[in-house]
1. Would you be able to say whether some residue in segment 245-256 is under 23 Å from ALA120 (Cβ atoms), under 18 Å from the mean Cα position of the chain (by Cα), surrounded by 14 or more Cβ atoms within 10 Å (Cβ to Cβ) and of a type outside the set (A, V, I, L, M)?
2. If I filter segment 148-156 for residues that are in contact (Cβ under 8 Å) with a residue 60 or more places away in the chain and in contact with a helix residue (DSSP H, G or I) (Cβ under 6 Å, 6 or more places away or on another chain), do I get at least one hit?
3. Looking at (1) on the phi < 0 side of the Ramachandran plot; (2) buried (at least 17 other Cβ atoms within 10 Å of the Cβ), which is the one condition that is false for PRO210?
4. Hey, could you check segment 173-199 for residues that are under 16 Å from the mean Cα position of the chain (by Cα) and part of a strand (DSSP E or B) and say which is surrounded by the most Cβ atoms within 10 Å (Cβ to Cβ)?
5. So the check is Cβ under 7 Å with 6+ separation or different chains; which pairs have a first residue in segment 80-92 that's within 13 Å of HIS114 (Cβ to Cβ) and a second one that's in a loop (DSSP other than H, G, I, E, B) and at pLDDT 95 or above?
6. Being in contact with an Asp or Glu (Cβ under 7 Å, 6 or more places away or on another chain), assigned to a strand (DSSP E or B) and on the phi < 0 side of the Ramachandran plot narrows it down to one residue among ILE170, ILE149; which is it?
7. Going through segment 247-262 one residue at a time, which ones are in a strand (DSSP E or B) and either without any contact (Cβ under 8 Å) to a residue 60 or more places away in the chain or β-branched (Val, Ile, Thr) (or both)?
8. Taking segment 105-142, which residues are among the β-branched types (Val, Ile, Thr) and assigned to a strand (DSSP E or B)?
Amino acid sequence: MAKRGKAGKSDRSTAGVVEVPAGSRPDGPVAGVYSVDTGHCELVADPDNSNGWLLKINGVMSSHIDLADPLFLDFEYMRWIAALVESKWPPEARPKLRALHLGGGACSMARRFHAAYPDARQVVVELDGKLAEYVRGWFDLPRAPLLRIRVGEARQVTESLTPQTRDLIIRDVFAGAFTPRALTTREFNDHADKVLAPGGLYVVNSGDAPDLKNAREDAATIADTFEHTMIIADPAMLKGRRYGNMVMAGSHEPFGDDPGLARTLLGGAVPAHIWDDAQVRAFAAGAKIRRDPAEAAPAAPPAEPAPAG
């Protein structure tokens, strides 16, 4: 789920589906509705930005790309993630960041990090192979090994990775309004934790309604996995006054107190606040920690016959 500023409404287009020959890749963005493996996607020229394009997947706003400025992020929650990551790893130090993006869309965040961290090595996991082909053809994405798009299911891919090979994992996968449950459990968090190198950062985009039940369970599960946590969100979302996004993060290293990060978050179009570990754990207190479904219990062995007597 993605929102542009405070609007972010989802809608469906009445335009016809663009027919693209099998195996071909478009040469640059062309507005229209395209058939993809998981349904349809729509590419829309941004009416407010002559260089901008909006991507909707099955009617839901997914991504925004500015062709002229890869550092520009239109969605506030993505700006919050970028601010957090760049606070931990200042781009001017040119760290060779190793990032795993669970959820692809138009690869907006990976494109941003390539511009900020030219030496980064990134993998984007996208379930929809046809969408991945389109995105490669529409937008100026860096090539492998700088940016690889791996088609597959996010959990299966994460479980297949070598331990301690990523500095950053971003979970931004949605099926409708919420993240698939298999990507929100304690067991999945354990897999992500194993893949992270020491000092690594796990970041999730958690969407929720005003009751905040989903956000509290997400926070509780992340806090049960990682020693240190934080939440970034705007005050209305933190108070349960609207539907929207929270950015949550977990690490085994303290996040520290970066006044520059706080200023950056407050200075955005939608000012955001930071909750530290104590506030996150208070917010999550009493919430259910999500677990994978229990496997069926093994059948009890047959009872031995009583001895003859």
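The values are calculated or read from the model by the stated rules, or taken from the named source; none is laboratory data. Note that this is a predicted model, so its numbers are computed, not measured. Neighbour counts are summed over all protein chains in view; Cβ atoms, including those assigned to glycine, are modelled from backbone coordinates with ideal geometry.
1. Yes: segment 245-256 contains one or more residues that are under 23 Å from ALA120 (Cβ atoms), under 18 Å from the mean Cα position of the chain (by Cα), surrounded by 14 or more Cβ atoms within 10 Å (Cβ to Cβ) and of a type outside the set (A, V, I, L, M).
2. No.
3. It fails just one condition, (2).
4. Filtering segment 173-199 for residues that are under 16 Å from the mean Cα position of the chain (by Cα) and part of a strand (DSSP E or B), the one surrounded by the most Cβ atoms within 10 Å (Cβ to Cβ) comes out as LEU196.
5. As it stands, the answer is ALA82/LEU73; PRO91/TYR117, since those pairs meet every condition given.
6. Being in contact with an Asp or Glu (Cβ under 7 Å, 6 or more places away or on another chain), assigned to a strand (DSSP E or B) and on the phi < 0 side of the Ramachandran plot holds for just one of ILE170, ILE149, which is ILE149.
7. Residues satisfying the conditions are VAL247, MET248, SER251.
8. Listed by number, the residues that qualify are VAL123, VAL124, VAL125.
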